[in-house]
Structure formats: structure tokens, C-alpha cells
Number of protein chains: 2
Amino acid sequence: MRMAELSKTSGIPVATIKFYLRERLLPAGERTGPNQSSYGEEHLRRLRLIRGLLEVGGLSVATARGVIDAVDSELPLAHSFGVAQRAVSTTIEPGDLDPEALAGIDRLIEDWHVSADNPGRLAAARVLETFETLGQRDERNWFSRYAAAALLVAEADLDQVAARASREAMAETVVIGTVLGDALFSGLRCAAQEHVATLRHPVVSELDPAPTRE
Amino acid sequence: MRMAELSKTSGIPVATIKFYLRERLLPAGERTGPNQSSYGEEHLRRLRLIRGLLEVGGLSVATARGVIDAVDSELPLAHSFGVAQRAVSTTIEPGDLDPEALAGIDRLIEDWHVSADNPGRLAAARVLETFETLGQRDERNWFSRYAAAALLVAEADLDQVAARASREAMAETVVIGTVLGDALFSGLRCAAQEHVATLRHPVVSELDPAPTRE
DNA sequence: GGGATATAGACAGTGCGACTATCCGATACT
DNA sequence: AGTATCGGATAGTCGCACTGTCTATATCCC
């Protein structure tokens with residue numbers, strides 16, 4: 001497959017594909033001459049992965065490169081998990097974090113096995129800190145109910161990964177699952193909010209009629 | 001309070017505060033002269049909210065303005081919910097979405113009361129579409145387990161909102177909860193993944209020792 | 001075999017979003 | 001009186017994700 005065809009079948013402009021090549025998101029094609037290359041099915045797959053990470057997962061190009069490298073590497077699965085987790089959470093220095101908030105999160109997950117530098121633990125502490133700064137209080141175990149739901153989701157994630165055959169397939173699922181899982185949960189939570197709100201306050205749908213499905 | 005003090009106590013540079021004033025994220029201070037104003041506690045609160053939305057929630061300035069307007073408005077709570085939900089999910093045209101994927105999500109949440117233009121429903125369909133494009137399969141009900149967890153979280157969210165006294169307080173909690181809730185869940189999910197992975201493969205922590213808490 | 005089209009690679013340019021810096025004339029403290 | 005600070009307008013910076021242009025070959029199709 002030549003560049004023009006790769007561009008047409010993927011729907012991505014040639015200039016953008018060249019940019020991805022430059023940024024090492026996409027491996028170079030097989031050389032067929034001094035200034036000619038041919039691309040295969042794996043480049044198409046890779047392009048789809050790149051677009052998924054960038055558009056649906058909202059990753060930056062630099063982060064996506066790290067994630068893709070983790071899929072390609074021979075390192076143990078735990079490494080891919082770490083990279084993927086760092087990709088979806090903003091890096092936080094434990095230094096500029098209220099120790100009180102960190103302790104609050106640790107109390108919440110005290111019977112979990114989580115290392116001190118887990119990016120999610122720090123991100124959660126950051127949220128707790130912000131939440132309290134904004135004068136909000138934890139009503140009816142809001143935080144611990146989130147933790148319980150997160151546990152369910154994590155079990156599902158590990159099951160999903162375990163179902164894959166090879167280490168490479170697992171690493172790919174780790175990355176895709178971690179990055180897309182965030183977006184999936186966010187969407188489903190939003191739908192569930194409307195559902196629960198409608199159940200609790202049925203009158204709302206009459207005052208503010210919304211188009212229904214089908 | 002004058003500008004310099006507002007800047008110092010909030011830790012935000014004067015130029016940035018002026019920028020937020022220009023962008024109508026922050027209301028103007030009380031005029032004390034033709035070119036002098038004084039700011040109060042509510043400006044400090046508002047600045048904290050702005051930083052929370054931008055830094056922790058990852059919103060853009062334009063989106064944050066919409067969210068803040070929703071808090072300030074007199075419109076019913078459902079409106080605030082809608083704005084907050086649209087703020088955390090990327091806008092998707094139902095047109096450029098695989099109808100198959102949309103049908104898949106609808107099957108997943110068929111007993112939920114969700115309107116057709118719910119942004120989360122569309123976002124979830126987008127994820128399903130991408131997921132399948134990347135050659136992944138739904139193993140052991142990955143999707144429906146996410147939906148179940150989302151329902152738990154949504155119930156917690158509505159309880160959290162219901163605990164507030166006034167409509168204004170509720171609207172504020174809706175916005176803060178929706179925006180920060182996404183970040184919170186993302187972090188807790190990440191921590192839970194490490195916990196579950198450690199439980200299932202205890203050997204990993206010996207091969208790749210990680211610092212433990214405390 | 002020769003002209004139109006395509007290609008790899010280098011490099012400059014674009015558009016946008018979130019600030020950041022500079023100025024100005026008008027107060028406000030001391 | 002003199003220095004510092006203010007609100008407001010305008011312009012500039014920086015990073016990021018592309019996008020366009022250029023050159024020297026290479027391939028396709030008469």
C-alpha cells in the first residue's frame with residue numbers, strides 16, 4: 001500500500017500521517033526504494049489506535065507515543081499498566097498536595113494494596129483537596145461509594161485483560177481498556193445520572209420535555 | 001480587598017485575574033471610583049472554583065464560563081445538570097456515529113430512562129465504536145459491569161446533591177460533583193486496578209518492587 | 001520514453017487556547 | 001509631592017497539533 005492509499009482508507013490527510021511518522025507514533029513503512037515505502041495492514045491498525053487515543057481518549061501526542069511504546073515493548077504487563085495509568089491521570093507532585101487530603105484518600109482505601117506513587121491515589125487526593133476547598137462536604141459516603149464502584153470496574157478491567165491470549169494482546173487491551181474505559185465510564189455515568197434523576201423527580205420531564213429515544 | 005491582595009491570597013497572578021475578568025469567569029468587583037474596585041470573599045471563592053474546573057476538571061475557559069453561568073442562573077436544576085454533563089463530555093454529532101454502536105449502548109441501558117440527546121449516551125457509543133474498530137471484544141460483560149458501576153455512582157451523585165439546602169447550593173454541587181466526580185473516579189479506578197492486580201498476581205510486586213505507603 | 005502524478009523528507013507556517021506583558025491615564029497612600 | 005497601584009485596552013508569548021511548501025526522485029500510463 002502506498003501513502004495515498006493509506007491516507008484514503010484511513011481518512012487521515014497525508015500531511016498528518018507524515019506528522020505521525022515524524023513523531024514516531026507510526027512506524028516507518030517498508031522501504032522499496034531510496035524515497036519510496038509501502039505500508040501494510042498493521043499501519044492501518046496503528047493509525048486507528050492513534051486516532052482512538054487522541055480523539056476518544058483525549059491524550060496528547062507525546063503521551064500517546066509513550067502508550068504506544070508500552071504496547072510494543074517486551075516489558076512485563078505491569079509496566080504497560082503503569083504507563084496507561086499515568087497517561088490518563090495528570091502528573092501530580094506529592095509535595096504540593098495537602099497531606100490531610102492524602103490521608104483522607106488513604107483512609108478510604110486502607111484495605112487496598114496500592115503503592116505510594118500510584119498516580120490514581122494522588123489524583124484522587126487532589127480531587128478531595130479541591131472538593132473541600134470549594135466548601136463541599138462528603139454526604140452519605142459519596143467518596144466511599146465511588147471507591148466501591150471503582151473496585152467493580154477494576155475487576156471487570158482485569159477480567160477483560162485476562163481473557164486475551166498473548167502478552168502483546170494483553171498489553172494492547174490494558175492500554176485500550178484503561179484509556180477508553182475512562183471515557184466509557186464518564187459517558188455511562190452521565191446517562192445514569194439522567195436515569196436516576198428521572199426516576200426520582202418524574203415531573204421534571206414534563207416541565208422540560210426532552211426528545212425520547214426511538 | 002484590592003487587586004493585589006486578591007492576587008496574593010489566591011496565589012493567581014494579577015494578569016491572569018484580569019484575564020478571567022475579561023473572559024467573564026469572574027464578576028467585576030464593587031466599584032469604589034471611576035477606575036477602582038474592591039473584591040470580596042465571593043471573588044476568592046469564585047477563583048477557587050475556576051481553578052478547580054480548569055486544573056482538576058480539565059475544562060476549557062469557554063466551557064468553564066458556561067458551567068459557572070449555569071450555577072449563577074435561576075434556571076431549574078435539570079439545566080445545570082445538562083450543562084455540567086456537556087462540559088465533561090466531548091460534543092458528538094449523532095450523524096457521524098455508527099448506528100450499530102448506538103444500538104449496542106441502547107441495548108446495554110435499555111431499562112434506563114435516558115433521552116436521545118444525552119451526551120453520555122453518545123459518548124459511550126463513540127467508545128463502543130472505537131473499541132470494536134480496534135479489534136477488542138467485550139469479555140465477561142465488561143460493558144454491562146461498567147454500566148452497573150455507573151448506576152451506583154449516579155445514585156451517590158444524586159444523594160450528594162439532594163443533601164444540599166437551597167437550589168443555588170444544589171446547582172453548585174451538581175457542577176462540582178459532575179466535573180470533579182469524573183476525575184475522582186478516574187483516580188480511584190487506577191488505584192483499584194493496582195489493588196486487584198496485586199491480589200491476583202502477588203508475584204509481580206516481588207519482581208518489580210514498588211515503594212509502599214507509610 | 002516522456003510527461004503527469006506521487007513520494008520521502010526537511011522545514012516553515014497556521015490557528016487556537018491560555019495566559020503574560022506593556023502602556024496609559026487616574027487614583028490612593030505617606 | 002511623589003511614589004505605588006489601579007482598571008482597562010492592546011499586543012505579545014508559548015505550546016500544541018497539525019498543514020503547506022519545496023526538492024529531488026520514482027512510478028504510472030500512454
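Coordinate-derived values only; no laboratory data. All of these numbers come straight from a predicted model, not from anything done at the bench. Cβ atoms come from the backbone with ideal geometry, glycine included; neighbour counts cover every protein chain shown.
Descriptive notes on the structure:
- Hull-based mean projected area of region A:85-169, where the convex hull spans the alpha carbons, in square nanometres: 6.7
- Cross-link reach list, lysines versus A:Lys18, counting only Cα pairs under 27 Å and skipping chain neighbours closer than eight places: A:Lys8
- Average Cα contact separation per residue, region B:1-92, under 8 Å, 6 or more apart, as relative contact order %: 22
- GluC sites (Glu not before Pro) within region B:1-46, DSSP loop, no more than 14 other Cβ atoms inside 10 Å: B:Glu23
- Here the simple spin-label model places points 7 Å from the Cα toward Cβ, and for A:Glu74 and B:Arg31 these points are separated by 7.3 nm.
- Inter-chain Cβ neighbour count for A:105-116, averaged per residue, equals 5 (cutoff 10 Å, partner chain atoms only).
- Rotation relating B and A, chain A residue nearest the axis via C-beta, angstrom: A:Ala149, 2
- The Kirkwood radius of region A:1-127, taken over pairs of alpha-carbon atoms, gives through the Stokes-Einstein law at 37 °C and 0.692 mPa s a diffusion coefficient of 192 µm² s⁻¹.
- A DSSP coil position with no more than 14 other Cβ atoms inside 10 Å describes the following trypsin sites (Lys or Arg not before Pro) in region B:72-152: B:Arg137, B:Arg140.
- Region B:113-152 shape via C-alpha gyration tensor axes, a/c threshold 1.5: oblate
- Listed residues A:Pro27, A:Pro119, A:Pro202, most fluctuating in chain A (Gaussian network, C-alpha, under 10 Å): A:Pro202
- Summarising the amide proton neighbourhood of A:Ser37: residues at separation of 5 or more, or on other chains, whose placed amide H is nearer than 5 Å comprise A:Thr32.
- The share of Cα pairs per 10 Å bin across the protein assembly as shown, counted from zero up to the longest distance, runs 4, 20, 29, 25, 15, 5, 1, 0 percent.
- Mean separation of Cα pairs under 8 Å and 6 or more residues apart, divided by the residue count, gives region B:70-214 a relative contact order of 30 percent.
- Remark on region B:35-85: Rg and Dmax equal 12.5, 39 Å (Cα only).
- Label 7 Å beyond Cα on the Cβ vector: B:Ser38 copy-to-copy distances, nm: 7.9
- Take each residue in A:157-165, count the other chain C-beta atoms within 10 Å of its C-beta, and the mean is 5.
- Highest-fluctuation residue, B:His201, B:His113, B:His43 considered, GNM on chain B with Cα pairs under 10 Å: B:His201
- For chain B, the alpha carbon positions stretch 67, 48, 34 Å along the principal axes, listed from largest to smallest.
- At R0 = 25 Å, FRET efficiency that the Cβ-Cβ distance of A:Glu168 and B:Leu199 yields, to 0.05: 0.55
- Take A:Leu21, push a point 7 Å out from Cα through the beta-carbon direction, and compare it with the same point in every other copy: 5.2 nm, smallest first.
- Inter-chain neighbour count for B:137-144: the average number of beta-carbon atoms from partner chains within 10 Å of each residue's beta-carbon is 5.
- For region B:85-90, 3J(HN,Hα) computed residue by residue from phi via the Karplus equation (6.51, -1.76, 1.60; θ = phi - 60°) reads 5, 5, 5, 8, 10, 5 Hz, glycine and proline entered as x.
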